[in-house]
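Below is one structure; the comments refer to it alone.
The values are calculated or read from the model by the stated rules, or taken from the named source; none is laboratory data. Computed from a predicted structure; not experimentally measured. Every residue, glycine as well, gets a Cβ built from its backbone with ideal geometry; the counts of neighbours run over all protein chains shown. All accessible areas refer to the heavy atoms of the entire protein, side chains included, with ligands and DNA or RNA removed. Shrake-Rupley method; radii C 1.70, N 1.55, O 1.52, S 1.80 Å.
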Amino acid sequence: MSQIILLAMVVLLIGVLNAADVVGATQADAPAQGPRGTVGPDVPLTDAEKKELAKHIVVEEFTGAAVQAACERAVKEDIRAVFLPAGEYVFTEEVLIPGGLTVFGEGSGTVCKAEGKSVHLLRADGDNVRFTRLKLQGADTTISTENDSYGISVYGKENVRIDHCELLGFSYATSFGSEAMAQVDHCHIHHNLRDGLGYGIAIYSGAYVLITDNEFSQNRHSLASNGALDWSSPKRVGKFVHKPGIRKTHWEFIHNRVDSNDESHYELCSVDTHPGMNGTFVVEANVFENLRHGVGIRDGSGLIRGNVFRDFRTVTNFRKLIAISVNYGKHNNVPVEGCMPHSIKIENNVFAAEGAKYEKCSIGKAENIVIDGKLVPETKTDRPAPPLPLIVPMDAEGKLGISERE
C-alpha cells in the first residue's frame, strides 16, 4: 500500500511541475505577490519550446496577408507552428489563426501593427491556438475615441494561450467571449487608453479566463468583465437583460502587477466587474500600486485575497482613493437584470501605508460581504453563495482544467 501511495505522489508531483513549467512558477524564490518569472516578449524560448517549434512555416513578407498565407500553408502541410522573423508586419485586416497552431516571433523585434484605426489583428479560429513572443501594436496609445483596433480576439474557442507578448495601443488589447476558455500569462499589457473602452483584458459572455503573472500599466481598465447581455433590451423592457442559455462568466486574476493608469481620462478602477457580470471571479496574490482605484466590483461573486495595495495616488483629484470597492451599479444609468454584488470574501490583503491616504474597502449596496472573516452587518441576506470554479493552469499538453474551489 505504501508503494502505491508513493507512486501516486510522484505522479502528482510530475503533473504539478509540468504545469508550473508552463506558467513559469517553478522558482523556489517565487514572490508571494506579483509575477513569477520574467514578463514580456523578450524571454528566450525554453529548450522544450525550441524542440516543439523547430518545425515551422516562416512568414516571408511583412504583411498581415503573408501571416494569413503562412497559417493556411501550415494547415495544408500539417505543420503546427508559424514563425514571424523580426520586422514590422502591417495588418490591414484581421488574420484568422486555425486551430492547433502556435504563432511565434523573435520577441519585441517582431511587431504586428494595425494600419488603420478599426483594424483587428489576430483571432483564434479554432481550439488550441497559442500566441507567443510577439509585440502587438494598435492604432493609438492615447485616449482618442477614434481608436477601434483590437489585438487578439478569442470567441467560443478553448485552450487558447497568449503568453510572453507585449500589447499596446488598442481599444481591446485582448477580448474573450462566447464561452471561450483561455490563459494569458507573462505578458506586458500597457497603454490601452481609449476613452470609453481601453481594455487590457475584456471578458464577457460566459468566457473562462486565467490571467496570471502579467504586468499591466496605463490601461483605462486593465481587466473589465461582463456577462451575456442583450444590448438592445433597454428600449423594450426598460433594463438590460441576460441572454438565455449562456453560462456565467468566470475569471481569475492571479500573481499580476498592476501599475498606474494616470494617463487615462478618469483613473477608473484597474480591475472591474461591470453591472451584468453576474458570474464569479478570483483576485489573488497581485500587486496594485501607484493607482487611484484598485479593484471595483459592481456585480458577481468571488474572492479577493492575499493582494498587496500600496502607494495610492491620483492626478485627477476629483475622486477619492480606494483600494477595493463593492457597490451595486447601473450600466450607463440603466438597470441590469439581477445585478447585485454578493457572496464576496475579502481576506488577508495587505494595505501598505505609503503614499496618499486611501480607503481600504468601500462597501456600498451589496449582499453577504465578508471582510477577514467578519460579515459586514448591513449586507446580510439569506442568499446562498454560488459555486466558485477553479481554473487549473495549462498543462504541458496545452489544456486548461476546470474544477471547483472548496
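A few remarks follow.
- Long-range neighbours under 8 Å by Cβ, at least six apart or interchain, first residue at positive phi within the stretch 199-218, second acidic (Asp, Glu) and modelled with pLDDT of 95 or more: SER205/GLU179; GLY206/GLU179; ASP213/ASP185; GLN218/ASP259; GLN218/ASP262; GLN218/GLU263
- Residues (farther than 30 Å from VAL184 by Cα and in contact (Cβ under 8 Å) with a residue 24 or more places away in the chain) located in the stretch 347-357: GLU354, GLY355, ALA356, LYS357
- Restricting attention to the stretch 166-181 and to residues that are part of a strand (DSSP E or B) and without any contact (Cβ under 8 Å) to a residue 60 or more places away in the chain, the residue that is farthest from GLY151 (Cα to Cα) turns out to be GLY177.
- Strands (runs of 3 or more DSSP E) wholly inside the stretch 86-163 containing at least 1 residues that are open to solvent by 10 Å² or more (accessible area, probe 1.4 Å) and of a type in the set (S, T, N, Q): 102-105, 135-137
- Taken over the stretch 75-100, the criterion of being closer than 19 Å to ILE162 by Cβ and small (Gly, Ala, Ser) is satisfied by ALA81, GLY99, GLY100.
- Taking first residues from the stretch 251-274 that are under 15 Å from CYS187 (Cβ atoms) and partners that are basic (Lys, Arg), the Cβ contacts under 7 Å between residues at least 6 apart in sequence or on separate chains come to HIS255/ARG36.
- Residue among GLU347, GLU367, GLU263, GLU289 that is in contact with a helix residue (DSSP H, G or I) (Cβ under 6 Å, 6 or more places away or on another chain), of a type outside the set (Gly, Ala, Ser) and either open to solvent by 50 Å² or more (accessible area, probe 1.4 Å) or at negative phi (or both): GLU367
- Annotation: of all residues in the stretch 1-32 being open to solvent by less than 60 Å² (accessible area, probe 1.4 Å) and modelled with pLDDT of 50 or more, the one that is nearest to ALA396 (Cα to Cα) is ALA30.
- Filter pass, GLU378 being over 25 Å from HIS186 (Cβ atoms), acidic (Asp, Glu), out of contact with any helix residue (DSSP H, G or I) (no Cβ under 7 Å at 6 or more places or on another chain) and not in a loop (DSSP other than H, G, I, E, B): yes
- Restricted to the stretch 299-326, and to residues there that are more than 11 Å from CYS269 (Cα to Cα), in a loop (DSSP other than H, G, I, E, B) and in contact with a strand residue (DSSP E or B) (Cβ under 7 Å, 6 or more places away or on another chain), the residue that is most open to solvent (accessible area, probe 1.4 Å) is LYS320.
- Residues of the stretch 194-226 satisfying the condition of being closer than 17 Å to ASN278 by Cα, part of a strand (DSSP E or B) and among the hydroxyl-bearing types (Ser, Thr, Tyr): TYR208, SER225
- Cross-chain or 6+ apart pairs with Cβ under 7 Å, the stretch 117-136 first and within 16 Å of HIS164 (Cα to Cα), then open to solvent by 50 Å² or more (accessible area, probe 1.4 Å) and part of a loop (DSSP other than H, G, I, E, B): VAL129/LYS157; ARG133/GLU106
- So LYS51, is it over 28 Å from ASN286 (Cα atoms) and touching a residue at least 24 places away in the same chain (Cβ under 8 Å): no
- Failed item, numbered, when HIS191 is tested on (1) open to solvent by less than 20 Å² (accessible area, probe 1.4 Å); (2) in a strand (DSSP E or B); (3) of a type outside the set (A, V, I, L, M): (1)
- Qualifying residue in the stretch 338-359 (condition: closer than 16 Å to SER222 by Cα, outside any loop (DSSP other than H, G, I, E, B), touching a Cys at 6+ places or on another chain (Cβ under 8 Å) and not small (Gly, Ala, Ser)): no
- GLU397 satisfies every condition listed in (1) touching a Lys or Arg at 6+ places or on another chain (Cβ under 9 Å); (2) free of Cβ contacts under 8 Å to residues at least 40 places away in the same chain; (3) under 30 Å from ASP163 (Cβ atoms); (4) not polar (S, T, N, Q) except (1).
- Residue tally, condition in a strand (DSSP E or B) and more than 22 Å from TYR150 (Cα to Cα), over the stretch 55-72: 2
- Flag if THR174 is open to solvent by 10 Å² or more (accessible area, probe 1.4 Å), hydroxyl-bearing (Ser, Thr, Tyr) and closer than 26 Å to LEU268 by Cα: no
- Index of the failed condition, ALA366 passing every other in (1) in contact with a Ser or Thr (Cβ under 6 Å, 6 or more places away or on another chain); (2) among the small types (Gly, Ala, Ser); (3) more than 26 Å from ASN226 (Cα to Cα): (3)
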